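What follows is a single structure, written as structure tokens, with notes after it.
The values are calculated or read from the model by the stated rules, or taken from the named source; none is laboratory data. Not measured: the values here are computed from a predicted model. Note: ideal-geometry Cβ built from the backbone for every residue, glycine included; neighbour counts use all protein chains shown.
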Amino acid sequence: MVRKIIHIDMDAFYASVEQRDNPELKGKPVAVGSPGTRGVLTTASYEARRYGVKSAMPSKVAARLCPDLIFVRPRFDAYKKVSDEIREIFHQYTDLVEPLSLDEAFLDVSENKINIPSATIIAKEIKQKIKEKTHLTASAGISMNKFLAKIASDMQKPDGLFLIPPEKAVEFVEKLPVEKFFGIGKVTARKMHELGIKTGYDLKQLSKRELTRRFGKVGSYYFQIARAEDNREVNPNRIRKSLGAENTFTKDLIDMQEVRNELENILEILHIRLKKSNTKGKTLTIKVKYSDFQQITRSKTVDGWIQDKSHIRSLYEELLDQVEIRNGIRLLGITLSHLNHEEHENKEDGSGSQLILDL
């Protein structure tokens, strides 16, 4: 049976909630985040995005791009309340709901509670109910697997609805620029362009072995998605085993102060994600990938919970004593594991999966 998967993604969620709750912000460029020198944005309104402002951008860069930008500090309790209202709507149609964050989720409606055979009709109804309940807009992508549904939801934002039918999936992916692929970031896309890989069709010409040789383990994933294949099920019981943030640099870091500066930026993003998900952990890991693609990790486990920025900073500073610059660093990451959610949920079903979050 061909599955019917919907990906729902709220439009500029945090900024939209702020504009809804404060009418003075409507129609204005809004950024949710701290305006400080070390601040990082969680999201930006579409009025701000016209200036190039986007999530995970340093606040000082955003302010330079948009001098009239209005900074609003995040209110995660408010966002969580709205997110709960949206998820109640999802569960009117199916219990196979896999939240990815407060503002997006996958739904498997192959068999649904109201026996509607059309996933497109269900997606339209969900969008309408979200608008009526929350006065916010959502974009929906519909297709036969999670990879395609995720891409589809981004095709006509904001307030979009896009269907990739099974019979057109392969053709769609072949024509899609690689930078539009979910799971291929800017740095990887740039490397693919240097290799002459610009579309899904170009990517499809490389064997799994060649892709693995050039891109590591993730090469096998690229092999699958170039063929519009994704067998992952929508998992309502996915357990988060780690939470982190990482960044790949266009220019290698060759100085330890540069490393500290970049880790501080990554820490800002990680801290936002920890607050958003009410997560804390006991093991902190820093990941370092060198210019020759060799990778090391250094970890420290503590007795108590790790959650606040000062604690994370002190731990990664301690771990940096075990790190050399060598021939330049191209990627840095910070991850928390042994999470409070994992401890609780593993008691219930004993299974787990890792959540990968990149800048």
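Overview of results
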| read-out | value |
| --- | --- |
| Matching residues, the range 155-174, being among the charged types (D, E, K, R) and touching a Gly at 6+ places or on another chain (Cβ under 7 Å) | Glu174 |
| Failed criterion for Ile184 (all others in (1) touching a Gly at 6+ places or on another chain (Cβ under 7 Å); (2) closer than 20 Å to Tyr221 by Cα; (3) not aromatic (Phe, Trp, Tyr); (4) not in a helix (DSSP H, G or I) hold) | (1) |
| Residue list for the range 138-150, filter: crowded, with 23+ Cβ neighbours inside 10 Å and in contact with a helix residue (DSSP H, G or I) (Cβ under 7 Å, 6 or more places away or on another chain) | Ala138, Ser139, Ala140, Gly141, Ile142, Ser143, Phe147, Leu148 |
| Answer from Asp108, Asp154 - the residue that is outside the structural domain of Phe181 (by TED's automatic domain parsing), farther than 20 Å from Ala12 by Cα, touching a residue at least 12 places away in the same chain (Cβ under 8 Å) and not hydrophobic (A, V, I, L, M, F, W, C) | Asp108 |
| Boolean, Arg3 is outside any helix (DSSP H, G or I) and among the basic types (Lys, Arg) | yes |
| For His91: the one exception among (1) under 21 Å from His135 (Cα atoms); (2) surrounded by 20 or more Cβ atoms within 10 Å (Cβ to Cβ) | (2) |
| Scope the range 96-113; condition small (Gly, Ala, Ser) and in contact with a strand residue (DSSP E or B) (Cβ under 6 Å, 6 or more places away or on another chain); matching residues | Ala105 |
| Selection from the range 192-251 of residues that are over 18 Å from the mean Cα position of the chain (by Cα), hydrophobic (A, V, I, L, M, F, W, C) and in a helix (DSSP H, G or I) | Met192, Leu203, Leu211, Phe215, Phe223 |
| Failed item, numbered, when Ile272 is tested on (1) surrounded by fewer than 19 Cβ atoms within 10 Å (Cβ to Cβ); (2) in a helix (DSSP H, G or I) | (1) |
| Verdict on Ile239 being farther than 19 Å from Val61 by Cα, surrounded by 19 or more Cβ atoms within 10 Å (Cβ to Cβ) and β-branched (Val, Ile, Thr) | yes |
| Strands (runs of 3 or more DSSP E) enclosed by the range 75-181 - at least 1 residues per element that are among the charged types (D, E, K, R) and either within 20 Å of Asn235 (Cβ to Cβ) or modelled with pLDDT under 95 (or both) | 97-101, 104-108 |
| Those residues of the range 303-315 which are part of a strand (DSSP E or B), surrounded by 14 or more Cβ atoms within 10 Å (Cβ to Cβ) and not aliphatic (A, V, I, L, M), in sequence order | Trp305 |
| Any chance Arg330 is part of a strand (DSSP E or B), at pLDDT below 90 and either farther than 18 Å from Arg240 by Cα or in contact with a helix residue (DSSP H, G or I) (Cβ under 7 Å, 6 or more places away or on another chain) (or both) | yes |
| Test: residue in the range 281-302 that is modelled with pLDDT under 90, in contact with a helix residue (DSSP H, G or I) (Cβ under 7 Å, 6 or more places away or on another chain) and not in a helix (DSSP H, G or I) | no |
| Candidates Lys131, Lys175 - the one that is surrounded by fewer than 14 Cβ atoms within 10 Å (Cβ to Cβ) and under 18 Å from Ile225 (Cβ atoms) | Lys175 |
| Within the range 42-84, considering residues that are hydrophobic (A, V, I, L, M, F, W, C) and in contact (Cβ under 8 Å) with a residue 40 or more places away in the chain, the one nearest to Ile266 (Cα to Cα) | Ala56 |
| Count - residues of the range 59-75 that are in contact with a Lys or Arg (Cβ under 8 Å, 6 or more places away or on another chain) and either at positive phi or surrounded by fewer than 17 Cβ atoms within 10 Å (Cβ to Cβ) (or both) | 1 |
| Filtered residue count, the range 159-169, keeping only those that are under 19 Å from His7 (Cβ atoms) and surrounded by fewer than 16 Cβ atoms within 10 Å (Cβ to Cβ) | 4 |
